[in-house]
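For reference, the structure is listed below as structure tokens.
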Amino acid sequence: MWIRNGVILALALGTAIAQPPPKSVRLYVFDGGAIQGFNPSAFHFTKEELATTDMVVASYLIVHPKGTLVWDSGAIPDGAIKGDGTPTKQSFFSASKTMKSQLAAIGYKPSDITYFGLSHYHGDHTANANDFATATWVVQAPEREAMFSEKTPPQQLGSYKSLKDAKTKLLHGEDFDVFGDGTVVVKAAYGHTPGHQVLYVKLAKTGPILLAGDLFHYQEERGTDKTPTFEFSREQSLASREAMEAFCKKTGTQLWIEHDLANFNKQKKAPDYLE
């Protein structure tokens with residue numbers, strides 16, 4: 001066995017023993033792989049206008065003294081990942097690490113998670129959502145309605161179908177203070193999908209961070225009126241961007257674009273954490 005950040009990893013058993021609840025909020029960043037080969041014209045950019053067209057798939061675990069929250073769940077389901085370190089590829093996506101193994105390295109399994117949230121229901125965020133159906137699902141009302149619409153393709157529905165019967169905190173655009181102390185707050189940012197949402201996390205040492213989902217995909221989008229061609233509502237997206245940029249400026253909050261490869265490469269990854 002070996003120890004990292006106070007977490008004992010029982011390598012021989014493939015399990016870990018979690019720490020006691022921390023005194024302040026911790027943010028763990030999970031590596032869900034990469035998105036490559038996507039045409040930047042879908043975002044109204046040329047290849048030359050972007051530092052890179054490659055994107056990352058990120059998910060997060062927030063550990064609070066009163067519980068835990070998993071935010072987003074990857075593009076490739078754990079069951080499809082080989083587990084030997086070689087990338088598994090599906091369409092534009094590739095991944096070599098399972099979400100469960102990254103949770104286990106900190107001492108958690110999906111059934112230990114208190115709350116589960118999706119920034120939105122696109123497939124590159126929902127691959128392992130069914131694993132968290134024992135948690136309280138935090139979702140915007142228009143998003144849930146769209147997710148379980150008769151028009152939703154069965155293949156897409158399959159990745160999160162178990163959430164339909166999960167204990168649910170249904171939101172209608174209002175802020176939701178997850179643990180009641182202002183450190184972890186779900187905020188509506190409609191537009192990319194009917195009920196797209198973002199997550200504010202206030203860390204004692206790092207400061208506040210906004211996990212912005214797909215409010216933007218590239219840093220180059222910020223400060224422009226360019227929105228993806230597949231946006232649910234361009235008007236709502238632009239209004240949400242304006243509101244969240246103003247919020248970040250007022251509160252001194254870092255805005256993290258979840259697909260931003262350059263920013264992701266600079267972040268500590270689980271089992272390390274930000275606090």
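Every number in this text was worked out from the coordinates using simple rules, so none of it is lab data. Keep in mind that this is a model prediction, so the values were computed, not measured. Positions of Cβ are backbone-derived with ideal geometry, glycine not excepted, and every protein chain shown enters the neighbour counts.
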Candidate lysines for bridging to K89, where Cα separation is under 19 Å - those fewer than 8 sequence places away on the same chain excluded: K97, K100
Three-way shape call for region 128-252 based on the alpha-carbon gyration tensor, with the a/c threshold at 1.5: oblate
Sites K151 and H44 - FRET efficiency at Förster radius 25 Å, r taken between beta-carbons, to 0.05: 0.45
K109 versus N265: modelled label distance in nm, points set 7 Å from Cα along the beta carbon direction: 3.7
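May I ask which of K167/K268; K167/K187; K23/K269; K66/K167 have a Cα-Cα span longer than 24 Å here? List each step's numbers first, then the result.
Details: K167/K268 32 Å; K167/K187 19 Å; K23/K269 20 Å; K66/K167 18 Å.
Check vs 24 Å cut-off fails for K167/K268.
What FRET efficiency, computed as 1/(1 + (r/R0)^6) with R0 = 25 Å and r the Cβ-Cβ distance, is obtained for A80 and T206, rounded to the nearest 0.05? Please report the intermediate quantities before stating the final value.
Values: r = 33 Å, r/R0 = 1.33.
Here the calculated transfer efficiency is 0.15.
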Computed E for K167/D54 - FRET, C-beta separation, R0 30 angstrom, nearest 0.05: 0.20
Dipole magnitude of the chain, debye to nearest 20 (Cβ charges: Lys/Arg +1, Asp/Glu -1, about Cα centre): 800
Cα lying deepest toward the dipole's positive end in region 87-213, options V138, G182, L157, charges on Cβ: L157
Under 9 Å, Cβ to Cβ, from A188 - net charge with Lys/Arg +1 and Asp/Glu -1: -1
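Give, in nm to one decimal, the length gained when the segment between S96 and D177 is fully stretched (0.36 nm per residue of separation minus the Cα-Cα distance). Working shown, then result.
Numbers: separation 81, 0.36 × 81 = 29.16 nm, distance 3.37 nm.
Between S96 and D177, full extension yields an extra 25.8 nm.
How big is the Rg/Rh ratio for region 68-182, C-alpha atoms only, Rh by Kirkwood, two decimals?
My calculation puts Rg/Rh at 0.98.
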Equivalent ellipsoid, region 57-96 (semi-axes from 5 times Cα gyration tensor eigenvalues, Å): 26, 11, 7
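Looking at region 21-265, I'd like the Rg to Rh ratio, where Rg is from alpha-carbon atoms and Rh is Kirkwood's inverse mean 1/r.
Dividing the radius of gyration by the Kirkwood radius yields 0.93.
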For peptides 48-57, 151-160, sequence by mean Cβ density within 10 Å, most packed first: 48-57, 151-160
Helix 234-251 vs. the chain, principal-axis angle (Cα, 0 to 90°, nearest 10): 50
